[in-house]
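S.K.: Below you will find the structure I want to go over with you.
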Number of protein chains: 2
Amino acid sequence: MQPIRVGLLGVGTVGAGVFNVLARNGDEIERRSGRRLEVVQVSRRDVAAAHAVVGAQVSVTADPFEVVNNPNIDVVVELIGGYTLAKDLVLQAIANGKHVVTANKALLAVHGSEIFEAARQRSVVVAFEAAVAGGIPIIKTLREGMSANRVDWLAGIINGTTNFILSEMRSKGLSFAEVLKQAQALGYAEADPTFDIEGVDAAHKLSLMSAIAFGVQVQFDKAHIEGITKLQTADIRYAEQLGYRIKLLGITKRVEAGVELRVHPTLVPSEHLLANVEGPMNAVVAHGDAVGTVLSYGQGAGGEPTASAVVADMVDLARVIDADAAHRVPVLGFQPASLSDLPVLAMAQVVTSYYLRMRVKDQAGVLAQLTSILAEHNISIDAMLQREAAAVGGEESHQTDLIVLTHDTQEGQMDQAIARMEALDAVLAPITRIRKEGLA
Amino acid sequence: MQPIRVGLLGVGTVGAGVFNVLARNGDEIERRSGRRLEVVQVSRRDVAAAHAVVGAQVSVTADPFEVVNNPNIDVVVELIGGYTLAKDLVLQAIANGKHVVTANKALLAVHGSEIFEAARQRSVVVAFEAAVAGGIPIIKTLREGMSANRVDWLAGIINGTTNFILSEMRSKGLSFAEVLKQAQALGYAEADPTFDIEGVDAAHKLSLMSAIAFGVQVQFDKAHIEGITKLQTADIRYAEQLGYRIKLLGITKRVEAGVELRVHPTLVPSEHLLANVEGPMNAVVAHGDAVGTVLSYGQGAGGEPTASAVVADMVDLARVIDADAAHRVPVLGFQPASLSDLPVLAMAQVVTSYYLRMRVKDQAGVLAQLTSILAEHNISIDAMLQREAAAVGGEESHQTDLIVLTHDTQEGQMDQAIARMEALDAVLAPITRIRKEGLA
């Protein structure tokens, strides 16, 4: 059979990974797919640097449009990243009838609906296993492995940078700023880490998984996003004393009124497998009504793990490239006409439980004031921890940290309760609120 | 589009699960597959009992051959189990041009090659996600999700009964026999638990995964199989003191000389995720040269989890049922003509590390005797633990337990060293040997 002719846009870490995996495992891959995957052209601004990776035989161009317009290319692999140029290239490739494999979560989170519709009209595939959780086949697991289920929810550690930072903060007792500096030195965090530490990257990935889990449009613009920059080591320590670890989770749930779509630091029970995912590793837990809970774990980033997902998409494609579109898995796993328009819920409608840390005056009656406000908003208390004043502010501080774990409540009720508690004289600082999930 | 017409052989726990999942999630599944999956006929000896599950509308027969010969059925779902009748039914269904979905690991482990070849000749699909690890999509992960990789090895907790027993032995300090009785009472172990506790069920599943991971024939007959019946609580306790838990693992590795294929109790580092898979849960870790380590975790048995896998296979099938066979994923993920004939290695050729427990006389010179035998076989020691005589046999026993962890060595060398050590006067009982894996 004729080889599948591949054009690579971008020959950075992942692009080099794709090239090297195809070169090293070409025979093994052909044993599977029945045909070769052959990189015929790559683009990179620095042509000499690209040749250093792909050798002299492969055509290199500084102009990525040359690749997407090359009539001898069947599949374009987009590894440039970003929204602007990548979007033009992907749409041009689709217009030219080429299949697209991409690792670009930002592009698909923001412009996915437009790109998927263009691909549908041209009967080409857009595949993006590599866009979520690197080498872990989580797109395939959700889209095909769980296809018998009504998926209820999923939650994932889908950003390695923030998970590394949280692991280090916990195990070494260091502050966010200290660990961020280390992570940058080690290459786990970028020079501008905003997208990672503010939760934006996780929200990109989460909105793709949510669309596949529930058969809804990609709705990144409606996601609630909180990063880890404000997290205190004190909260990590208190959480641990209460039997929890704090992880930055992307969580999406389907309830009757709509879809929850949220990224925020989350207390997870210490014995839960997700709590034990440490360092830069990724993991996703998904719950289906038939299968129960399924967890997938692995490397969420890196050249070869990401290349593993890119090439797996190519092997899938190689099998159906000559088949008509009806024989292919739809891009979100649901038939395009069957996507539901379930709305994304406002955070005030979300039901979850909470960790609250309150710096309060160490005097009689404070606890009664606080607990009666909670009770008036129907918020019931699951556990409480009070730290002696001496522990937080010196022997004579007359302050104490009061930590409360609540049962499930609606976030709107919690907002109101917190506003009322913060207005009390006895409450000395803004209340720290971290959401808590059982994930069972 | 026309529905896919399904015939169910067997309406027990899993059969009822399949029927109920299709009934409950029929709309959600149709949103995905674009066509309905409709159970048109089921077989069960007790026809009334079957009607109680599937209602009055669905045709029920006591004769399973009526289903496989029914011209109005596209897909036969075999849930009868066993080797004999199930084999005849599956081959008859294939001969009739029907696709087959099965959860029957025993059948495929023993007769897989014959069945797969028959299916290839008739251009029908044989799908068996449900045969390994219940609802966890591990077949899909290995076959499609890791298709870019040269898979080096995989290891799994793939039998819930034995994992439940080992979890209970460790957490409650009970003996194998005591826990087995409990497991039977709770329904985690069958009245005749032989296939589970002797490791046969795990070996069935392992040989299927091995074939898919490496592109070799299913070679259950060459697997090395040890169960957990001889495991002592003392070994579980000593392992824990050394930082390990004991799990019944199915392990398959590809090395230059061939394939390792073995099921046995195994020491796993306590902090490894696999060590923390407790109770009846299943998990598989696979290592690919590009992706690194990937872990999949979930419920390995039960009506609805297994049905989840059965129905996922049907959804996959629905998409390609009208496509020619070249557009389908080959049954083992490799093109049939590309299967390799790598031999299964004899255990004497396997390289691994070991936990040894030796009951020895508490006298000078014993340790020197033992360690020099190990050294003469090039076996180096990683860690050692000596338990005072008082702890094992009362104050005046003059016996001691000596526990040794070794570095990697060839099993043939270990066999010889153990034979020589057991011949020593100072060694008072057969040496307990448990293999140990790092799984990194």
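None of the figures in this text is laboratory data; all of them are computed from the coordinates on show. Not measured: the values here are computed from a predicted model. Using ideal geometry, Cβ is built from the backbone for each residue, glycine included, and neighbour counts are taken over all protein chains shown.
S.K.: Any idea what the relative contact order of region A:166-283 is, in percent, if you count C-alpha pairs under 8 Å spaced at least 6 apart?
M.R.: Answer for region A:166-283 is 25 percent.
S.K.: Cross-link candidates for B:Lys87: which aspartates and glutamates have Cα within less than 20 Å, leaving aside residues fewer than 8 places away along the same chain?
M.R.: Leaving aside aspartates and glutamates fewer than 8 places away in the same chain, those within reach of B:Lys87 are B:Asp63, B:Glu66, B:Asp74, B:Glu78, B:Glu114, B:Glu117, B:Glu129, B:Asp201, B:Asp221, B:Asp313.
S.K.: When the distances between all Cα atoms of region B:138-298 are binned every 5 Å from zero, what whole-number percent does each bin get?
M.R.: In whole percents, the pair-distance histogram is 2, 10, 19, 21, 19, 14, 9, 5, 1, 0.
S.K.: What gaps in nm, shortest first, separate B:Leu85 from its twins in the other copies when you place the label 7 Å past Cα toward the beta carbon?
M.R.: Label point to label point, same position, other copies: 6.6 nm.
S.K.: From the label point of A:Gln57, set 7 Å along Cα to the beta carbon, how far off in nm is each other copy's matching point, shortest first?
M.R.: 6.0
S.K.: Using 0.36 nm times the number of residues separating A:Asp382 and A:Asp415, minus their current alpha carbon distance, what extension gain do you get? Intermediate values should be presented prior to the final figure.
M.R.: Values: separation 33, 0.36 × 33 = 11.88 nm, distance 1.82 nm.
That pair, A:Asp382 and A:Asp415, stretches by 10.1 nm at full extension.
S.K.: Could you sort the peptides A:371-383, A:211-223, B:315-327 by per-residue average Cβ neighbour count (10 Å cutoff), highest mean leading?
M.R.: Sorting A:371-383, A:211-223, B:315-327 by mean packing, highest first, produces A:211-223, B:315-327, A:371-383.
S.K.: Let me ask another. In nm, what does the list of distances from B:Thr233 to its counterparts in the other copies look like, shortest first, when each label sits 7 Å along Cα to Cβ?
M.R.: Listed shortest first, these distances are 4.3 nm.
S.K.: Right, something else. Can you figure out the FRET efficiency of B:Glu422 with B:Asp152, using R₀ = 45 Å and their beta-carbon distance, to the nearest 0.05?
M.R.: 0.85
S.K.: On to the next question. Applying the Karplus parametrisation 6.51 cos²θ - 1.76 cosθ + 1.60 with θ = phi - 60° to the phi angles of region B:103-110, what ³J(HN,Hα) value in whole Hz is obtained for each residue in order, glycine and proline being reported as x?
M.R.: 10, 8, 5, 4, 4, 6, 5, 8
S.K.: Let me ask something else about it. So how long is each side of region B:1-105 along the principal axes, counting just the alpha-carbon atoms, biggest first, in Å?
M.R.: The Cα atoms of region B:1-105 stretch 37, 29, 26 Å along their principal axes.
S.K.: Treat the count of other C-beta atoms within 10 Å as a stand-in for reagent exposure and order A:Arg237, A:Arg31 from fewest to most.
M.R.: The most exposed by this proxy come first: A:Arg237, A:Arg31.
S.K.: I would also like to ask the following. Hey, which lysines would be in cross-link range of A:Lys361, C-alpha to C-alpha under 28 Å, not counting anything within fewer than 8 residues on its own chain?
M.R.: A:Lys230, A:Lys436
S.K.: Whole-Hz ³J(HN,Hα) for each residue in region A:322-337, computed from phi via Karplus 6.51 cos²θ - 1.76 cosθ + 1.60 with θ = phi - 60°, x for glycine and proline: what do you get?
M.R.: 8, 8, 6, 4, 4, 8, 9, 5, x, 4, 9, x, 10, 4, x, 6
S.K.: Let me ask something additional. State, to one decimal in nm, how far the label point of B:Asp221 lies from the label point of B:Asn72, with both points 7 Å from Cα in the Cβ direction.
M.R.: Taking the simple label geometry, B:Asp221 and B:Asn72 are separated by 4.2 nm.
S.K.: Given the convex hull of the Cα atoms of chain A, what is a quarter of its surface area in nm²?
M.R.: With every direction weighted equally, the projected area is 22.1 nm².
S.K.: Applying 1/(1 + (r/R0)^6) with R0 = 22 Å to the Cβ-Cβ distance of B:Val351 and B:Ala429, what FRET efficiency is obtained, to the nearest 0.05?
M.R.: Efficiency, rounded to the nearest 0.05: 0.25.
S.K.: Skipping prolines and chain starts, which residues have an amide H placed within reach, meaning under 5 Å, of the one on B:Lys436, given they are 5 or more residues away or on another chain?
M.R.: Distant-sequence amide H within range of B:Lys436: B:Leu267, B:Ser353, B:Tyr354, B:Tyr355.
S.K.: Cα axis of helix B:411-422 to longest principal axis of chain B: angle in degrees, 0 to 90, nearest 10?
M.R.: That works out to roughly 40 degrees.
S.K.: I'd like the Karplus ³J(HN,Hα) series for region A:125-142: coefficients 6.51, -1.76, 1.60, θ = phi - 60°, whole numbers in Hz, and an x wherever there's a Gly or Pro.
M.R.: 8, 10, 10, 8, 3, 6, 6, 10, 6, x, x, 6, x, 7, 4, 5, 4, 5
S.K.: Now for a different question. What distance in nm separates the two pseudo spin-label positions at A:Val255 and A:Thr84, each 7 Å out from Cα along the beta-carbon direction?
M.R.: 4.0
S.K.: Could I ask something else about it? Show the residues, 5+ positions off or on another chain, whose built amide H is closer than 5 Å to the amide H of A:Gly34.
M.R.: Answer set, sorted by chain and number: B:Gln335.
S.K.: Separation of region B:327-343 and region B:56-70 by C-alpha centroid, Å?
M.R.: That distance is 33 Å.
S.K.: Go ahead and run the numbers for FRET between B:Ser397 and B:Ser270, Cβ-Cβ distance against an R0 of 41 Å, rounding to 0.05. Provide the component values of the computation, followed by the final result.
M.R.: Details: r = 29 Å, r/R0 = 0.72.
The calculated FRET efficiency here is 0.90.
S.K.: Could you check how many percent of all C-alpha pairs in region B:347-436 are farther apart than 15 Å?
M.R.: Considering region B:347-436, 56 percent of its Cα-Cα pairs are separated by more than 15 Å.
S.K.: Another question, if that's okay. From the mean inverse distance of alpha carbon pairs (Kirkwood) and the Cα radius of gyration, derive Rg over Rh for region A:130-195.
M.R.: 1.13
S.K.: Please list the non-local residues whose amide H lies under 5 Å from the amide H of B:Ile225, H modeled 1.01 Å from N, same-chain partners needing a gap of 5 or more.
M.R.: Amide H neighbours of B:Ile225: B:Val263.
S.K.: OK, next. Given the protein assembly as shown reduced to its alpha-carbon atoms as identical point scatterers, what log10 I(q)/I(0) does the Debye formula return at q = 0.07, 0.09, 0.11 Å⁻¹?
M.R.: -0.60, -0.98, -1.36
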